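Single-structure report; data block below.
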Amino acid sequence: MDIIVFIINKAVITGLVIGSVYALGAVGVTLIAGILRFSHFAHGDVMTMGAFFSFVLAAFFAGLGLHWPIASGIVVLPVSMAATALVLYGFDIAFYAPLRRRGARPITLLIASIGVTMMLQGVLRLFAGTQSYSFFQNEPKLLYRIDLGWLGATRPLTLTQPQAFMIGLTLVCCIALALFLTRSRLGKAMRAMSDNPSLAQVSGINTQLVVRMTWLISGALACLAGTMLALDVQLKPDLAFNIILPIFAAAVVGGLGQPYGAIAGGFLVGFAETLSVFDWSVVTKPFNAYLPDFIVNAPNLALVPTEYKLVVSFVILVAVLLSRPTGIFKGVST
Amino acid sequence: MPIIEVKDVVGGYGAVPILNGVNIAIEQSDIGVIVGPNGAGKSTTLKAIFGLLRVTSGNIVFDGQEIANWLPDKLVPMGLSFVPQEKNVFTSMTVEENLEMGAFIRRDDFSDTLEEVYGMFPVLKEKRRQLAGELSGGQRQMVAMGRALMSKPKLLMLDEPSAGLSPRFVLEIFEKIVTVNKAGVAILMVEQNARQALAFATRGFVLTQGQNRFTGTGAELIADPEVAKSFLGG
């Protein structure tokens, strides 16, 4: 029983948290890919930028001496999500829309987004330096312990407050997104534009409005994902670098342009990563006594060493592109 | 006053114009049919009216308003609707959602229009929750027409509505078009099935090489030996 609790603490909860981060980031990428028809490589840095907005706001409130029962990084989320959404929309107006007006091909927009990501990396380092920041310098990170003695376990289920909120907020966002896409006029218009952009225009759908909503929603979700990741580990300017590949892997696995696919893909990649770097020798240790002498239990049974975590997403991405490029939910394949 | 007038329109997709001075005029009660050989500029005329390509000279006047080079999202609220020839439904959305998208520009309650469309195409009501991509060609064409009718247009333009349909469906589609016209919607359509379409037309236009060749009522054009010889297969 203790082993199960250990697995839940170290693998399941971690998988859920990292899966949530990838899921929300991938939803943004997939919406932009489906409606604006290009791969937005700057998304990782948008998530980092969002995390920095949250950090600055949280530090500002800490400076004012305000404290809440919930971590300040979480409390300021509505404001930082709105700010990130608006800034991302600003990037569209400044960089991508002029190219679209001139009839730029998707590859051109992709390269433009690489330019935006480099710009963001420079700007973030200009203002924040290259060091790491912790959201919890001035306040404690609350840990929830759930006692499972009644199930026969001696260790408790441990969950930090940011982790609990991450999982909860992701669930809320997924439900909200599903309702938006299936019940609201604008959500259905987004699906229509993703399905058939020229017919959407011919039907009189306000394509400018749909594009604006796409950027705003993607920006808000990116900020949520980036902030929660920074709350779970640390805030660093190069948060983006380790995120961009898994997010694209998640979006492609789920089918580019399919929001539900992005969510599924995010959790798939998240769990694949977590379970690959998990040290399975802990699980097999109790069985040591039953093994014959010639089988020796290795000290570390992780599939992939933790430094090579990115390999997992890379392998998944390559495997999907080779075998089923349209992904689980059959998105666009270009 | 004609509901739409296309006067000496020159235009195309790039440097070389496909339309070299096209003239079309129909009244609110008309069923207008444009026929002609391949490459004559029939579909191009409809797309020029709907703002899907560049008009370099000439006028297009709809309901008294000059609309040349206006984009579709300004034309639909004015009462213009277009059914393209290909990819004319949202395949990943249900039949009912497709119809809802046709009513996007409407801010009022459009449920009575929805019921009218279902009344005209009963099979759509049956399949309202099915994905449009799963329907047969003829049923998809009905979804496409229904979608265009949801905005309560004054003029409905159709690009080869009978394309790819079995003969039974061709007749059914033309009959539905006549019903729509009787309900007060002007029709302007391009057709490859020239003889069948002209039988319903109150106004016919034969185009060749981006210009008008013959004009008259549908009956006149069918009866004209020159038209019959060149375009209707004798």
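Here are a few things to note about the model shown:
- Complete set of residues in region B:82-91 that are out of contact with any strand residue (DSSP E or B) (no Cβ under 6 Å at 6 or more places or on another chain) and either crowded, with 24+ Cβ neighbours inside 10 Å or of a type in the set (Ser, Thr, Tyr) (or both): B:ASN88, B:VAL89, B:PHE90, B:THR91
- Against the numbered list (1) within 14 Å of the chain's Cα centre (by Cα); (2) under 21 Å from A:GLY34 (Cα atoms), A:GLY255 comes up short only at (1).
- Scope region A:41-57; condition of a type in the set (A, V, I, L, M), surrounded by 24 or more Cβ atoms within 10 Å (Cβ to Cβ) and out of contact with any strand residue (DSSP E or B) (no Cβ under 8 Å at 6 or more places or on another chain); matching residues: A:ALA42, A:VAL46, A:MET47, A:MET49
Condition check ((1) assigned to a loop (DSSP other than H, G, I, E, B); (2) modelled with pLDDT under 95; (3) of a type in the set (Gly, Ala, Ser); (4) in the same structural domain as B:LEU158 (by TED's automatic domain parsing)) across all residues:
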residue	(1), (2), (3), (4)
B:SER92	yes, yes, yes, no
B:PHE104	yes, yes, no, no
B:ASP108	yes, yes, no, no
B:GLY119	no, yes, yes, no
B:ARG128	yes, yes, no, no
B:ARG140	no, yes, no, no
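- B:GLU115 falls short of the stated requirement of being surrounded by 17 or more Cβ atoms within 10 Å (Cβ to Cβ), assigned to a helix (DSSP H, G or I) and not assigned by TED's automatic domain parsing to the domain that holds B:ILE49.
- Considering region B:150-166, the residues that are more than 11 Å from the chain's Cα centre (by Cα) and farther than 20 Å from B:GLY36 by Cα include one that is surrounded by the fewest Cβ atoms within 10 Å (Cβ to Cβ), namely B:SER166.
- B:PRO84 meets all of the listed conditions (1) more than 17 Å from the chain's Cα centre (by Cα); (2) within 14 Å of chain A (Cβ to nearest Cβ) but one, namely (1).
- Options B:THR94, B:THR44: the member that is crowded, with 22+ Cβ neighbours inside 10 Å and either within 21 Å of A:ASN196 (Cβ to Cβ) or hydroxyl-bearing (Ser, Thr, Tyr) (or both): B:THR44
- In region A:99-125, the residues that are farther than 21 Å from A:LEU245 by Cα form Cβ pairs under 9 Å with partners that are of a type in the set (Phe, Trp, Tyr), at six or more places apart or across chains, as follows: A:ALA104/A:PHE38; A:ALA104/A:TYR96; A:ARG105/A:PHE38.
The values are calculated or read from the model by the stated rules, or taken from the named source; none is laboratory data. Treat the numbers as computed from the prediction; the structure is a model and nothing was measured. Because the Cβ atoms are built from the backbone with ideal geometry, glycine has one as well, and the counts that use them run over all protein chains shown.
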